[in-house]
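Report on one structure; see the data block that follows.
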Amino acid sequence: MRGPVIRLSLAFVILLVAVPLAIVLVASVSGGERLTFPPESLSLNPYRALVGNDEIRAALGRSLIVGFQVVALSLIAGVPAAIALVRFRFRFRFGLGIYMILGVATPLIASAFAFLALFTQMGALGALWPISVGITIVNLPFLMFSVASSLFSLDPRLEEAAATLGAEGVQTFLFVTLPGIMPGILSGTLMVFVLGISEFVISLLLFTINIQTLPIAMFASMRGPPPPEVAAAAGLYVLAAVLVVITLTSLKSTEQFFYRAD
Amino acid sequence: MAETYTGLRWRLIDGLIAAGRVLRPGRIAKAQPYLLLLPAVLLVSFLAVGLLWLGWLSIHAYDTFLMQAGKISAEQYALLFEPPSGPFYQQTLLRTLALSLTVTAGAVLLGLPVAYVIIRTPSRALRVALLVLLLVPFLMGEIVRTFAWYLILANRGAVGWVASLFGIEDGGLLGTPIGVFVGMMQVSTPLATLLIMPAMRRIDPNLERAAATLGASPARIWANVIVPLSWPGIVAAIIVVLLLNIAEYDMPAILGLGRLPFVANVIGDIYRLQQNLYLGSAFSLLLLVVSTLLVVVPGLLFLGWLRFRRARRAAA
């Protein structure tokens with residue numbers, strides 16, 4: 001474990017992952033008209049520019065709406081589906097489980113093009129909801145895995161005990177199952193939310209000029225030298241991701257999810 | 001106030017219980033898992049129907065001048081495979097596959113040791129810190145990762161600055177395959193690590209100790225113990241990372257300066273510049289088929305190999 005090859009790879013991967021994060025955060029507090037490295041001075045100007053730029057601010061608002069729509073759709077579809085697949089034995093269980101991961105098994109650009117073709121046919125382009133539906137479908141498995149891993153670690157005997165003590169099915173669900181899987185629901189929700197606000201390829205094919213989401217607006221402004229407000233937006237995304245990840249790890253369900261310490 | 005709230009809450013729960021009693025009897029109970037799955041199945045059907053619709057569009061002729069669809073024909077696939085346009089599309093597909101496979105290989109090779117450190121370290125702090133660091137790139141979004149690497153690789157970026165400290169004046173790494181490769185590695189390596197971990201965790205540390213006691217070098221322990229026992233995780237990592245990279249858009253567009261387009265970029269242009277849903281459908285489906293073959297064929301070979309090995313061991 002202390003071999004030089006392992007140490008070297010670890011150091012390299014840490015650099016590979018951490019340097020871009022640091023660069024974005026530094027750029028987001030840099031002074032000066034243009035983004036350069038190292039920055040000419042430090043200031044909160046990029047964030048002020050972000051607030052002052054109506055177009056970027058509107059795009060941020062749209063991305064947040066998409067994020068909330070994605071969360072709502074994922075919860076309605078994902079939580080019951082995860083419960084069904086983990087707690088019940090029924091015909092077509094395997095096939096339906098595979099069907100649920102269709103969104104991650106298809107290359108993203110193909111899924112995005114399928115949404116484009118379908119929603120064009122339906123005449124639904126130009127609204128935000130098709131974007132949210134598309135994003136939900138390709139990220140649904142993340143919420144389902146998260147809920148399912150909570151369900152696996154919840155002893156089914158607790159539910160049986162509640163039933164033996166005379167609790168109705170509804171009562172058992174509300175007071176035993178639901179609190180038991182809450183960490184999984186919460187971490188899955190956070191995950192699909194940040195994936196929703198930062199999604200790019202589906203939005204790229206489904207957006208029309210009046211409904212640019214923030215990643216699309218950022219992409220458009222990166223054709224030339226990127227203006228400071230883009231750095232501020234990127235900084236916000238990094239902060240959101242860091243916050244969410246720290247919450248996930250403190251929930252312990254993530255550690256369980258990837259590293260089941262039994 | 002609090003009392004009315006609790007009262008209301010219990011009345012709501014009583015109502016739910018009553019509803020449950022009415023709905024519970026036999027036939028509904030049997031349908032319960034299907035009812036629970038219904039919203040998700042309906043939602044995913046947008047994608048399933050969309051993919052079928054792609055198939056239907058892709059087998060139609062399309063007049064790009066009049067912007068009119070024609071009869072059923074193999075015209076779109078001919079455009080993809082036959083000159084004059086065919087070689088460009090094939091070259092794009094090959095470039096996408098070559099770079100994706102390289103990134104996947106790199107990510108798995110780097111992911112193995114990192115996963116090993118996370119699994120075997122006695123320090124919980126190091127483990128959590130590494131997990132946090134590995135999850136952030138995945139959640140910060142493609143465009144932000146691309147922006148970060150743009151700042152690093154651009155002409156007056158961080159790499160250029162470090163190089164200038166050593167007296168090297170270069171034009172930055174934008175527009176080179178190296179730039180695109182590094183950018184894609186930032187999310188691929190953490191993902192590969194996270195997917196290898198569960199399989200690696202099941203390896204009994206005593207196996208390594210036993211191998212070491214018997215005189216095996218660290219390299220030999222890796223080749224004969226750790227890697228073979230991590231196969232399920234490695235296979236999962238290869239599949240997921242490959243699928244992710246094959247659809248990459250931002251890195252080739254921004255870091256590659258559009259000089260090294262991937263399939264996704266070309267599909268995007270076919271729609272945005274030519275407004276041609278028909279050709280785009282055909283190319284999307286071609287990518288779907290190729291990626292499925294890339295995943296399924298080695299997967300089947302791997303399963304067959306496992307079964308063969310088990311049978312041979314049972315015979316011995």
With under 20 Å from A:Pro107 (Cα atoms) and among the small types (Gly, Ala, Ser) as the only criterion, which of B:Ser58, B:Ser85, B:Ser73 stands out? B:Ser58
Some residue of the range B:66-83 being touching a residue at least 12 places away in the same chain (Cβ under 8 Å) and within 12 Å of chain A (Cβ to nearest Cβ): yes
Can you name the residue in the range B:267-303 that is of a type in the set (S, T, N, Q) and more than 18 Å from the chain's Cα centre (by Cα) and, of all such residues, is nearest to B:Trp56 (Cα to Cα)? B:Ser281
Given the condition within 28 Å of B:Ala98 (Cβ to Cβ) and of a type in the set (Gly, Ala, Ser), answer yes or no: does some residue in the range B:294-307 qualify? yes
Pick from B:Arg209, B:Arg202: which is more than 9 Å from chain A (Cβ to nearest Cβ), charged (D, E, K, R), under 30 Å from B:Thr292 (Cβ atoms) and over 16 Å from the mean Cα position of the chain (by Cα)? B:Arg202
Tell me, yes or no, whether the range A:96-108 has at least one residue that is farther than 30 Å from B:Leu294 by Cα and β-branched (Val, Ile, Thr). no
Scan of the range A:91-136 for residues that are under 15 Å from A:Ala77 (Cα atoms) and facing another protein chain (nearest Cβ under 8 Å), ordered by number: A:Leu96, A:Tyr99, A:Met100, A:Leu102, A:Gly103, A:Val133, A:Gly134, A:Thr136
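Residue-by-condition table, conditions (1) farther than 29 Å from B:Gly256 by Cβ; (2) away from every other protein chain (no Cβ under 12 Å):
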site: A:Gly180; (1), (2): yes, yes
site: A:Ser187; (1), (2): yes, no
site: A:Val192; (1), (2): yes, no
site: A:Ile197; (1), (2): no, no
site: A:Val201; (1), (2): no, no
site: A:Phe207; (1), (2): no, no
site: A:Ile211; (1), (2): no, yes
site: A:Ala217; (1), (2): no, no
site: A:Ser221; (1), (2): no, no
Just one of the numbered conditions (1) surrounded by fewer than 18 Cβ atoms within 10 Å (Cβ to Cβ); (2) more than 10 Å from every other protein chain (Cβ to nearest Cβ); (3) at pLDDT 90 or above is not true of B:Val290; which one? (2)
Pairs under 9 Å by beta carbon, first residue free of Cβ contacts under 8 Å to residues at least 12 places away in the same chain in the range B:91-113, partner outside any helix (DSSP H, G or I), six or more apart or different chains? B:Pro113/A:Gly3
For the range B:62-100 the number of residues that are among the hydrophobic types (A, V, I, L, M, F, W, C) and more than 22 Å from B:Gly268 (Cα to Cα) is 1
Residue under question is B:Arg145, and the condition is that it be touching a residue at least 40 places away in the same chain (Cβ under 8 Å) and facing chain A (nearest Cβ under 7 Å); does it hold? yes
For the range B:21-37, which residues satisfy the criterion of being at pLDDT 70 or above and within 41 Å of the chain's Cα centre (by Cα)? B:Lys30, B:Ala31, B:Gln32, B:Pro33, B:Tyr34, B:Leu35, B:Leu36, B:Leu37
Is at least one residue of the range A:191-214 in contact with a Phe, Trp or Tyr (Cβ under 9 Å, 6 or more places away or on another chain), closer than 30 Å to B:Val114 by Cα and assigned to a loop (DSSP other than H, G, I, E, B)? yes
Segments classed as helices (runs of 4 or more DSSP H), wholly inside the range A:91-153, with at least 3 members that are not hydrophobic (A, V, I, L, M, F, W, C): A:93-100, A:108-122, A:129-153
I'd like to check something: does the range B:268-278 contain any residue that is in contact with a Gly (Cβ under 6 Å, 6 or more places away or on another chain) and part of a helix (DSSP H, G or I)? yes
Quick one: is A:Leu178 in a helix (DSSP H, G or I) and surrounded by fewer than 18 Cβ atoms within 10 Å (Cβ to Cβ)? yes
Could you figure out which of (1) more than 9 Å from every other protein chain (Cβ to nearest Cβ); (2) over 13 Å from the mean Cα position of the chain (by Cα) isn't true of A:Glu168? (1)
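The values are calculated or read from the model by the stated rules, or taken from the named source; none is laboratory data. Quick caveat: nothing in here was measured; it's all calculated off a predicted structure. FYI the Cβ positions are ideal-geometry reconstructions off the backbone, even for glycines, and counts take in every protein chain you see.
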